[in-house]
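Below is one structure, written out as structure tokens; the observations come after it.
The values are calculated or read from the model by the stated rules, or taken from the named source; none is laboratory data. Source: prediction; values computed, not measured. Glycine also receives a Cβ, built like all others from the backbone with ideal geometry; neighbour counts cover every protein chain displayed. These accessible areas exclude ligands, DNA and RNA; they are computed on the full protein's heavy atoms, side chains included. Shrake-Rupley method; radii C 1.70, N 1.55, O 1.52, S 1.80 Å.
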Amino acid sequence: AMLSTAGCGDGRAHTQAVYMLVDTSGTYARQVNKAANIVNYLLATLNPGDSLAVAKVASRSFTEKDIVDKVTFDDRPSRAMLQKRAFKAKIDAFARHTEGSAHTDITGGLLQGAEYLNETHAGIKTIVIFSDMEEDLDRGAVRDFPIKLTGIRVVALNVTKLGTDNADPRRYLNRLAHWEARVRKAGASDWG
């Protein structure tokens, strides 16, 4: 192990860390199997040394217990492969047994994601949000403070249109614009 510490100062620069937020509110809970497919794609593309975490967006997401699983893949490919298999099994079980949450704390999830990603010290940091981006907070949650997402890319996936949006598509576009503005203001390197 002594040898591997040499030059590790810049070793993290090429590593990737991905934090995926999965919305489990309301009807979205039924979409979780699609989220599992995205996780499978991420598992296939991430390399030894990379990190991955999947968390559910629940009533209040700023808590470690909402993380379904997290892993930093071993530098040994054979070990990394075993870790990927175990991760996939955990996500598949999560997809099968997801119960919908009453509220959607996207902001809390972003904060938790940023904290996790910064702790990995990876060179490339991404938050993937699998959600309709409709934040629905329970009354006790205060989320109007600034988020810090410096150096983090934020990708919103499968942002399904809510029933109300079909009547007025501008609501959907406004919601995306609102989140893009918040994410950019928070210092994110990219949105999209």
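Assorted remarks:
- Top-ranked residue in segment 99-125 [being among the acidic types (Asp, Glu) and not in a loop (DSSP other than H, G, I, E, B); ranked as least open to solvent (accessible area, probe 1.4 Å)]: Glu115
- Cβ-Cβ distances below 7 Å connect the following pairs, each with a first residue in segment 165-187 that is under 24 Å from Glu115 (Cα atoms), a second residue that is open to solvent by 60 Å² or more (accessible area, probe 1.4 Å) and modelled with pLDDT of 80 or more, and a separation of six or more residues or different chains: Ala186/Lys148; Gly187/Lys148; Gly187/Thr150.
- Count - residues of segment 1-48 that are part of a helix (DSSP H, G or I), at pLDDT below 85 and polar (S, T, N, Q): 5
- Scanning segment 143-177 for residues that are at pLDDT 70 or above, in a helix (DSSP H, G or I) and β-branched (Val, Ile, Thr) yields no hits at all.
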